[in-house]
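Notes to accompany the following structure.
The values are calculated or read from the model by the stated rules, or taken from the named source; none is laboratory data. Since the structure is predicted, the reported quantities are computational estimates derived from the model, not experimental observations. With ideal geometry, Cβ positions are generated from the backbone for all residues, glycine too; neighbour counts draw on all protein chains shown. Quick note on the areas: whole protein, heavy atoms, side chains included, nothing else; ligands and nucleic acids left out. Shrake-Rupley method; radii C 1.70, N 1.55, O 1.52, S 1.80 Å.
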Amino acid sequence: MLNIVLFGPPGAGKGTQSQKLIARYNLVHLSTGDLLRAQITQGTELGLRAKRLMDEGLLVPDEVVIGMIDSALQANKQAAGFIFDGFPRTVPQAQSLDELLAQHSTKVSCMVALEVAEEELVKRLLERGKTSGRPDDQNEEKIRKRVTVYNTETAQVAGYYAQQNKFHALNGIGAIEDIFGQICGIIDQNQPATPESSRQATDEVKA
């Protein structure tokens, strides 16, 4: 499986790139926010537990989120791979994800982070707030807080994947297609070897 952790602060263009990558590599998009809402709507045991915690103003614990990801992996066993969106955000979450993927005989292929300066992010999000209707896109103080939280969390996770030689950072400012091309270049270099590609490499060595 091709499993990508795509990171980027709010306004970096991660959503746009995710959709293009899903189409190109036939991947399943795993957004923890979407998974959480779906489990709650379906009234599953995990969803009901998460809702009780959220109603009390508490954070949903990592084991609940991992359980939801596990359910999604089991429901998509024939998938070519996954894009993880919004997870992992901490090193313990990254470690838990590694353990979970190992149980499914797969692993994270690479982590790609889109880097954009804070002032550009603020500008983009305030502009997006004019049409998105999201209150947190219309308040500069809230935007800067979101960016700070992202940078703090991501720095630790980036270090974790860097130790595995899986972390790759890209400039998130530029033409959408140019950035997409750079991401694809990274992914193509980190795709897991298939039996066919392994045989081809062996044949080339023999030749």
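Below are the figures for this structure:
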{"quantity": "Neighbours by Cβ (under 8 Å, 6+ apart or cross-chain): first from region 180-205, of a type in the set (G, A, S); second modelled with pLDDT under 50 and surrounded by 10 or more Cβ atoms within 10 Å (Cβ to Cβ)", "calculated": "A193/A201"}
{"quantity": "So A72, is it assigned to a helix (DSSP H, G or I) and either over 23 Å from A175 (Cβ atoms) or not acidic (D, E) (or both)", "calculated": "yes"}
{"quantity": "Sole residue being of a type in the set (A, V, I, L, M), open to solvent by less than 40 Å² (accessible area, probe 1.4 Å), modelled with pLDDT under 90 and closer than 12 Å to G86 by Cα, chosen from L6, L30, L35", "calculated": "L35"}
{"quantity": "Members of region 42-58 that are out of contact with any helix residue (DSSP H, G or I) (no Cβ under 7 Å at 6 or more places or on another chain), over 17 Å from G86 (Cβ atoms) and open to solvent by 60 Å² or more (accessible area, probe 1.4 Å)", "calculated": "Q42, E45, L48, R52, D55, E56, G57, L58"}
{"quantity": "Tabulated pairs, region 34-58, first among the hydrophobic types (A, V, I, L, M, F, W, C), second open to solvent by 70 Å² or more (accessible area, probe 1.4 Å), C-beta under 8 angstrom, 6+ apart or interchain", "calculated": "I40/L48; I40/K51; L53/L59"}
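Listed here are the residues, each with its yes/no results for (1) among the basic types (K, R); (2) more than 16 Å from the chain's Cα centre (by Cα).
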{"residue": "D85", "(1), (2)": "no, no"}
{"residue": "P92", "(1), (2)": "no, no"}
{"residue": "E99", "(1), (2)": "no, yes"}
{"residue": "A102", "(1), (2)": "no, yes"}
{"residue": "V112", "(1), (2)": "no, no"}
{"residue": "E119", "(1), (2)": "no, yes"}
{"residue": "L125", "(1), (2)": "no, yes"}
{"residue": "R134", "(1), (2)": "yes, yes"}
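Every residue, every condition in (1) assigned to a helix (DSSP H, G or I); (2) in contact (Cβ under 8 Å) with a residue 40 or more places away in the chain; (3) of a type outside the set (D, E, K, R), yes or no:
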position	(1), (2), (3)
A94	yes, yes, yes
L100	yes, no, yes
E120	yes, yes, no
V149	yes, no, yes
T154	yes, yes, yes
